[in-house]
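Have a look at the structure below before the remarks.
Please treat every number below as a calculation from the coordinates, not as lab data. Please read all numbers here as calculations on a predicted model, not as lab measurements. No Cβ is skipped: glycine too gets one built from the backbone with ideal geometry, and neighbour counts run over all protein chains shown.
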Amino acid sequence: MRLRSTQLCWLSIALLLNSDISPSTVVIEITSGVRGLPPPDMRFQLTTIAFLFSISSVMASQCSGCWQDVDPNSTDITNVIEKARSHISMQRNSQFQLKVTEISDVKRQVVAGFKYKFKLILCTTECKKPNDKLIIEDCQCQDGGAILTCKVTLVERAWQNYREVTNSECEPPLILVSYLNGHDFDIQGWLNMRLAGSEEIPNLT
């Protein structure tokens, strides 16, 4: 029984998806059962299939499980960052909420879902916790409030609405409220210096 070219193409795809044999082997084995050379349209389709699967196999072997950079401003990680912020804020022994002021070094790894690691800078806000109706973006950073720099690892399975912080490490705050009481302090200026790599405390007035 001779198979039509369309049937042969689908058969080649099925073999590739369900076996460990190479694309070229599939093409040879399928075409060997056809009298004479396969029609030109089928030869082109089979060659294209073999080429595409070869490329995908190489890419998969090179990047399987590797970390990929993610744009810190991507909306894809909005829920991930909020989960991390909420976790750190609740772990901190303070009556005030934390707010993310900077996101950096975001990387993602394909696991059973996604595994993220990233760095956050958070400020102490004027908003108290707990408050389920709170919109954290509406909260203002306290002048002279504690600033935290944290490294976070988090696992996400979005289809299950599952996000879990597996590790968070925060540096001790460089500036405390008690240190700055009675002084005027430009928090944004300090943040800019911190992001530039400086740990110097700005001049206080």
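Under a Cβ-Cβ cut-off of 13 Å, what is the net charge of the residues other than THR153 that fall near it, where Lys and Arg count +1 and Asp and Glu count -1?
Working: positive: LYS83, LYS107, ARG108, LYS115, LYS117, LYS119, LYS151, ARG163; negative: ASP105, GLU156, GLU164, GLU169.
In short, +4.
Run down the lysines and flag those whose C-alpha is under 22 Å from the C-alpha of LYS115, throwing out any fewer than 8 positions away in its chain.
Cα-Cα hits under 22 Å: LYS83, LYS107, LYS151.
Going by how many other Cβ atoms sit within 10 Å of their own, how do SER94, SER89, SER104 line up, fewest first? Please list the in-between numbers first.
Working: SER94 14, SER89 21, SER104 11.
Sorted ascending by nearby Cβ count, the order is SER104, SER94, SER89.
Please arrange ARG157, ARG108 by how many other C-beta atoms lie within 10 Å of their C-beta, fewest to most. Write down the numbers at each step before the final one.
Values: ARG157 13, ARG108 19.
The order, fewest Cβ neighbours first, is ARG157, ARG108.
What does the extension gain come out to for ASN73 and LYS107, with contour length at 0.36 nm per residue minus their alpha carbon separation?
11.0 nm
How would you rank CYS63, CYS141, going from fewest to most other Cβ atoms within 10 Å of each one's own Cβ? Provide the component values of the computation, followed by the final result.
Numbers: CYS63 11, CYS141 18.
The fewest-first ordering by Cβ neighbours comes to CYS63, CYS141.
Counting Lys +1, Arg +1, Asp -1, Glu -1, what net charge surrounds THR125 among other residues with beta carbon under 13 Å of its beta carbon? Provide the component values of the computation, followed by the final result.
On the way: positive: ARG85, ARG92, LYS99, LYS128, LYS129; negative: GLU126, GLU137, ASP138, ASP143.
Cβ neighbours under 13 Å give a net charge of +1.
Tell me the label-point distance for the pair GLU126, ARG157, using the 7 Å Cα-to-Cβ offset, in nm and rounded to one decimal.
If labels sit at GLU126 and ARG157, their model points lie 4.3 nm apart.
Can you order the peptides 76-85, 110-119 by their average number of other Cβ atoms within 10 Å per residue, highest first? Can you show the working numbers first?
On the way: 76-85: 17.6, 110-119: 15.8.
Per-residue Cβ counts within 10 Å, averaged per peptide and sorted highest first, yield 76-85, 110-119.
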